[in-house]
Protein chains: 2
Amino acid sequence: MSKNYGEYAMFMKALADETRVKIFDMLCEGELCACKILEDFKITQPTLSYHMKILCDSGLVNGRRDGVWMKYSINENGLNSLKNLFDNIGHKIVKCNK
Amino acid sequence: MSKNYGEYAMFMKALADETRVKIFDMLCEGELCACKILEDFKITQPTLSYHMKILCDSGLVNGRRDGVWMKYSINENGLNSLKNLFDNIGHKIVKCNK
DNA sequence: AATGGACATAGATAAATGTCAATGTGTTAG
DNA sequence: CTAACACATTGACATTTATCTATGTCCATT
């Protein structure tokens, strides 16, 4: 089974930004409205929108409209893929430290 | 205990490139010479050197001279930090899926 | 229908990134 | 000591990224 390093890199790239990894962390606590997320950062609304698009495109985050608001949450499918990736590396760590 | 999102992002950034994540994966199998790594990619030697520097600076990889050769291997300290980061996210996954 | 609020998109831009060719630095062999 | 080899550094360059302002779109309220 050949490994999909491109997919690995894509997940990493989505989280390779301090703003995005913090948003990801916040969403792990539960669904959040974009305007609520925005309050925690010193960025403009379009910039947040840009980051949310990257997180959603990566498959790690899910967005849904709720009237006027956009509610973002962790996407379980993406999360499982990420977890598999982590388990994979975790396995290697054990191997390396043997 | 406040989280160091900058450190999170730094590790992710080191692996947010298909070439580097593949090198990281190769090194998990054991120490490798730069010239041996180079054989697996369609990049020039200076480009590999550039990537190796990023991996080493991140603390995930260690380099040592062995005569004319540079031998690279996984750095256990960096690996443990990465593993802690993963465990942290893994914990959240469980929390999210509860 | 008109207004206003929440978010997305477009365009511009400065900074960071990945790549190469050319060159520099160490180390070993002869 | 010199030549050859392995690797690092430098400078140049094209691409990507993160950010903003300005504007567009969608929805709810009036």
Next on the checklist: Once the label point is set 7 Å along the Cα-to-beta-carbon vector, what list of distances in nm do you get between residue A:47 and its counterparts in the other copies?
Outcome noted: 3.2
Checklist entry - Two-decimal Rg/Rh of the protein assembly as shown from alpha-carbon positions, Kirkwood Rh? => result 1.01
Next on the checklist: I need the fraction of alpha carbon pairs in chain B separated by more than 18 Å, rounded to a whole percent.
Outcome noted: 49
Checklist entry - Considering every residue in A:61-71, what mean count of other chain Cβ atoms within 10 Å of its Cβ is obtained? => result 0
Checklist outcome for this item: In deg cm²/dmol, rounded to the nearest 500, the helical mean residue ellipticity at 222 nm of chain A, built from -39500 (n - 2.57) for every DSSP H run of length 4 or more, is -20000 deg cm²/dmol
Checklist entry - Stokes-Einstein at 25 °C, 0.890 mPa s, Kirkwood radius from Cα pairs: D for the stretch B:17-64 in µm² s⁻¹? => result 229
Checklist outcome for this item: Longest principal axis of chain A (C-alpha) makes with the long axis of helix A:18-27 (C-alpha) an angle, in degrees to the nearest 10, of 80
Item to check | chain B, relative contact order in percent, only Cα pairs under 8 angstrom and at least six apart counted | outcome: 27
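All of the numbers you see were taken from the coordinates with simple rules; none came from a lab. Keep in mind that what you see is a predicted model, and the values were worked out from it rather than measured. Cβ: placed from backbone, ideal geometry, glycine included. Neighbour counts: every protein chain shown.
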